[in-house]
Amino acid sequence: MKKLLLAGMLGTSLFAVSCSSVKNAQTSQNQKSDFLKIKGDWEIVSIDYDKGFKIKPFDEGADAQCFVGSHWRLIPNNYTGAYTLSGGGSCPSITQPIKFEVKNGNTFMFKKIATGTKAKQNTVGYSLNLINQSTDQFSLEQNVPFDGSTVRVVYNFQRTGVK
């Protein structure tokens, strides 16, 4: 029997975020350049994980394979963006607005923003390691605790638009 793993729901790194103008004003130049490296349009081209688990990323209720081909738009000047799953088969059609930040050049944190709510009303989100970053690709690594061990999930992104 395959083990069900809800990436994001079962103890993955959750974080509290407040979005204040003071915090944004204090972002260092290095952090700003990290934002600019991931600015634009991206697509998840593959997801690497132990196939013995059924992964459902970011509490969407959709299988990890539904995220392959998903479009992510990241806008660093206001720390917003969205991801879109195009649907088809058993995959849902979803467009999810997000608020994100890159901390210390290697941690990508984001929270989902529900329609009609402000970012500061949502204090829970996801923290992933930013790895293998270049101009046209990067990967996000999520280490999800499960049954006393950790399942490593890597989302591989390829640039599709604006640099």
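The values are calculated or read from the model by the stated rules, or taken from the named source; none is laboratory data. Keep in mind the model is a prediction, meaning the values are calculated, not measured. All Cβ positions, even for glycine, are placed from backbone atoms using ideal geometry, and neighbour counts span all protein chains on display.
Checking each residue in the stretch 89-105 for being surrounded by 15 or more Cβ atoms within 10 Å (Cβ to Cβ) and without any contact (Cβ under 8 Å) to a residue 40 or more places away in the chain picks out Cys91, Ile94, Gln96, Pro97, Ile98, Phe100.
For Ser86, the conditions (1) within 16 Å of Thr160 (Cα to Cα); (2) touching a residue at least 24 places away in the same chain (Cβ under 8 Å); (3) not basic (Lys, Arg) all hold with the exception of (2).
For the stretch 60-79, indicate whether the set of residues that are of a type in the set (Val, Ile, Thr), assigned to a strand (DSSP E or B), under 19 Å from Gln158 (Cα atoms) and out of contact with any Cys (no Cβ under 8 Å at 6 or more places or on another chain) is non-empty. Among the residues of the stretch 60-79, at least one is of a type in the set (Val, Ile, Thr), assigned to a strand (DSSP E or B), under 19 Å from Gln158 (Cα atoms) and out of contact with any Cys (no Cβ under 8 Å at 6 or more places or on another chain), which makes the answer yes. Considering only residues in the stretch 131-153 that are closer than 21 Å to Lys112 by Cβ and without any contact (Cβ under 8 Å) to a residue 40 or more places away in the chain, the one that is nearest to the chain's Cα centre (by Cα) turns out to be Leu140. The set of residues in the stretch 115-163 being in a loop (DSSP other than H, G, I, E, B) and of a type in the set (A, V, I, L, M) consists of Val124, Val162. Does the stretch 85-98 contain at least one residue that is touching a His at 6+ places or on another chain (Cβ under 9 Å), of a type in the set (A, V, I, L, M, F, W, C) and either modelled with pLDDT under 95 or part of a strand (DSSP E or B) (or both)? Yes, the stretch 85-98 has at least one match. For the stretch 121-151, residues that are farther than 20 Å from Lys103 by Cβ and in contact with a strand residue (DSSP E or B) (Cβ under 7 Å, 6 or more places away or on another chain) total 5.
Summed over the stretch 144-153, the residues that are crowded, with 17+ Cβ neighbours inside 10 Å and either of a type in the set (S, T, N, Q) or modelled with pLDDT of 95 or more (or both) give a count of 1.
So is Phe53 among the aromatic types (Phe, Trp, Tyr) and buried (at least 18 other Cβ atoms within 10 Å of the Cβ) or not? Before the answer, list the steps.
Numbers: among the aromatic types (Phe, Trp, Tyr): yes; buried (at least 18 other Cβ atoms within 10 Å of the Cβ): no.
So Phe53 does not fit the description; no.
Just a yes or no: is a residue in the stretch 104-112 assigned to a helix (DSSP H, G or I) and over 15 Å from Trp42 (Cα atoms)? I'd like the intermediate steps shown before the answer.
Taking the stretch 104-112 first, the residues assigned to a helix (DSSP H, G or I) are none.
Within the stretch 104-112 (the criterion being assigned to a helix (DSSP H, G or I) and over 15 Å from Trp42 (Cα atoms)), the answer is no, since none of the residues qualifies.
Answer yes if at least one residue in the stretch 154-161 is over 22 Å from Tyr49 (Cα atoms), in contact (Cβ under 8 Å) with a residue 12 or more places away in the chain and surrounded by fewer than 17 Cβ atoms within 10 Å (Cβ to Cβ), and no otherwise.
Scanning the stretch 154-161 turns up at least one residue that is over 22 Å from Tyr49 (Cα atoms), in contact (Cβ under 8 Å) with a residue 12 or more places away in the chain and surrounded by fewer than 17 Cβ atoms within 10 Å (Cβ to Cβ).
Restricting attention to the stretch 117-124, does a residue exist that is more than 20 Å from Thr80 (Cα to Cα) and touching a residue at least 60 places away in the same chain (Cβ under 8 Å)? Looking for residues that are more than 20 Å from Thr80 (Cα to Cα) and touching a residue at least 60 places away in the same chain (Cβ under 8 Å), one finds none in the stretch 117-124, hence no.
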